[in-house]
Amino acid sequence: MPPSSPPKAVAVEVVPAQPTEADRAAIAHLSARAGKPLPEIAYLVKIRLETIPEATAQGWALYIGDFRVPKYWAYKHGIYFKVFDSHFFEDHRGQPLRLSQNGTDFTETGLKLAVPHLDVRQLTKQVAKLPLQDDALK
C-alpha cells in the first residue's frame, strides 16, 4: 500500500489550560522524577490542519526537531499534544514541526515551535481561571 499524503499543518498555538485529573497524576509523577514541583498547568500545543485526514493503519508521527511527540490527539481543527513542563518550549525553541510515517523520511510542515510568552508564576496563581481543556479545544 503506498504511503498516504501528509496532512497540511497551517498554524501552531500554545494554550495554557486547567489540568485534568489524569494530567495532575502525570504532573505529580514528573515532579517527583525531576525532584522539583511543576505547576499544575497543562499547555495544549494545538496544530491546525488544513483538512483532517482520514484514519488509516499507517498514521503519521509528529516530531519537534528530532524529538518524537509520544502521544497526540485529534480535535475539531487538527491535532494537539500536552506539555506539563514549560522548559519544553525553551528546549525546543524554533525547532521545526515535522511528520513521518517511518521515523526516517520526514515531511516538513513549514511551522516552527515558538516560545510562548508564559508568566508561569502568574498562571500558577490563576490556574482556576484558565480555560478547561474542552473549551480551549473548541
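Any read-out appearing in this document is the output of simple, stated calculations on the displayed coordinates, not a laboratory observation. Owing to the predicted nature of the structure, the values given are computational and were not obtained by experimental measurement. Neighbour counts are summed over all protein chains in view; Cβ atoms, including those assigned to glycine, are modelled from backbone coordinates with ideal geometry.
For this structure, a couple of remarks:
- If you check Arg33, Arg24, Arg98 for being charged (D, E, K, R) and touching a Gly at 6+ places or on another chain (Cβ under 9 Å), only one passes: Arg98.
- Scanning the stretch 113-134 for residues that are free of Cβ contacts under 8 Å to residues at least 24 places away in the same chain and not in a loop (DSSP other than H, G, I, E, B) yields Arg121, Gln122, Lys125, Lys129, Asp134.
- Residue count, the stretch 11-25 (criterion: surrounded by fewer than 16 Cβ atoms within 10 Å (Cβ to Cβ), of a type outside the set (S, T, N, Q) and not in a strand (DSSP E or B)): 4
- Taken over the stretch 36-79, the criterion of being assigned to a loop (DSSP other than H, G, I, E, B) and of a type in the set (A, V, I, L, M) is satisfied by Leu38, Ile41, Ile52, Ala55, Ala57, Val69.
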